[in-house]
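Following: one structure in structure tokens, then a few remarks.
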Amino acid sequence: MKILVTGGTGFVGSHLIRELLKDDRNQVYALIRDSAKLKSCDFSDRISVIHGDLFRSEPFPADIELVFHLAALTKVISPQEFIRINHEGTRSLLERLKPLKNLHKAVLLSSLAAAGPNREQGILREEMPADPISLYGKSKLAQEKLFVEQCPAPHVIIRAPIVFGPGDMDMLDAFRMVRRGIVPLLGRKERRYSVIYVKDLVRGMIAAAASHCQNEIFYIANAEPVEWQDLLKEAARMLGRKKTRKIVIPEILGRSLAELSEIRIRAFKRKAIFNRDKFKEMKFPAWVCSAAKIDSLVHFQPQTPFLEALQETIRWYQEQKLL
């Protein structure tokens with residue numbers, strides 16, 4: 001099968017390409033904006049590169065059959081970047097897919113942020129109204145709506161919760177604090193999150209693409225959510241820390257730190273995951289979704305036990321001398 005992947009040098013995208021290449025029948029084309037990032041990928045000589053971005057690139061092969069759209073921004077210097085890339089970039093891509101006569105499905109990687117947090121709901125399901133609270137979440141919901149309204153082929157939208165695994169850099173700072181024996185907590189409320197190991201996420205995306213499902217939204221997540229404090233304590237144990245100390249950060253201080261982080265981002269033009277937009281999400285103590293729908297319709301369930309996945313993630317950080 002001839003497959004086009006956008007965002008293939010990113011954290012999730014690189015795992016997706018590796019999984020696709022396990023099937024020798026697949027010919028993978030990757031839309032690559034930054035060739036320097038491709039050089040560090042272990043699959044660079046096994047894919048066909050299309051140089052360019054979501055707006056302009058070399059022509060797409062006319063016989064592409066399947067598209068995975070992962071290219072998106074999760075952190076920005078200016079909020080307008082979310083609109084330009086996540087929304088307008090997706091619109092541009094969909095226009096460029098229209099001439100592809102062999103295209104039979106397109107898969108969009110979205111986010112639980114597009115749905116918003118648990119408010120009064122005990123658990124989020126796909127049929128519930130979306131109510132994002134962050135600029136990032138709103139940009140992802142706008143991206144979803146474009147797929148629903150303008151995708152030239154049947155589509156599947158995958159909403160992922162917290163994704164972790166080898167290659168993820170967003171969790172690194174928390175694990176570095178844990179290695180020093182510090183468990184950082186925002187406020188005193190218990191915080192529960194749905195999570196998914198990156199290798200399970202990409203397997204689920206591929207399963208959804210291969211299924212008969214069309215024009216559906218799916219959550220892909222572990223069956224059981226994790227409590228943030230428990231996650232960090234398990235990480236501490238795996239890092240050999242027998243004793244840890246909880247540091248409770250009051251929400252008012254967390255807001256101030258987010259504002260300072262944003263000032264630093266703009267001053268030094270360096271992107272960071274923590275800002276006021278992310279703090280809006282962090283204030284809510286529960287981001288928990290149900291993966292029952294993809295289990296029922298696609299017959300997919302994550303296979304990697306959580307502790308095994310966490311251990312593999314920490315091992316990767318250590319091998320890369322990041323921890």
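The values are calculated or read from the model by the stated rules, or taken from the named source; none is laboratory data. Predicted model only: the values in this text are computed from it and were never measured. In this analysis, Cβ positions are derived from the backbone assuming ideal geometry, glycine residues included, and neighbour counts consider all displayed protein chains.
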Being over 15 Å from F164 (Cβ atoms), touching a helix residue (DSSP H, G or I) at 6+ places or on another chain (Cβ under 8 Å) and hydrophobic (A, V, I, L, M, F, W, C) is the filter here; which residues of the stretch 181-199 pass it? V183, L185, L186
Residues I273, I265, I294: which one is more than 23 Å from D200 (Cβ to Cβ) and β-branched (V, I, T)? I265
Can you tell me which of (1) of a type outside the set (A, V, I, L, M, F, W, C); (2) at pLDDT below 95; (3) surrounded by fewer than 17 Cβ atoms within 10 Å (Cβ to Cβ); (4) under 23 Å from the mean Cα position of the chain (by Cα) is the one D45 doesn't meet? (4)
For the stretch 152-163, enumerate the residues that are under 21 Å from F274 (Cα atoms) and either surrounded by fewer than 22 Cβ atoms within 10 Å (Cβ to Cβ) or at pLDDT below 95 (or both). I162
Return a yes/no flag: does the stretch 91-98 have any residue that is within 24 Å of V202 (Cβ to Cβ) and either in a loop (DSSP other than H, G, I, E, B) or within 15 Å of the chain's Cα centre (by Cα) (or both). no
What are the residue pairs meeting all of these: first residue in the stretch 200-218, first residue farther than 21 Å from A114 by Cα and modelled with pLDDT of 95 or more, second residue among the aromatic types (F, W, Y) and not in a helix (DSSP H, G or I), Cβ atoms under 7 Å, and 6 or more apart or on different chains? A207/F300
Which residues, counting only those in the stretch 255-286, are touching a Phe, Trp or Tyr at 6+ places or on another chain (Cβ under 8 Å), surrounded by fewer than 18 Cβ atoms within 10 Å (Cβ to Cβ) and farther than 19 Å from M169 by Cα? R255, L257
Please list, ordered by residue number, the strands (runs of 3 or more DSSP E) wholly in the stretch 101-211 having 1 or more residues that are under 12 Å from the mean Cα position of the chain (by Cα) and among the charged types (D, E, K, R). 155-160
Got a number for residues in the stretch 8-63 being out of contact with any helix residue (DSSP H, G or I) (no Cβ under 7 Å at 6 or more places or on another chain) and assigned to a loop (DSSP other than H, G, I, E, B)? 16
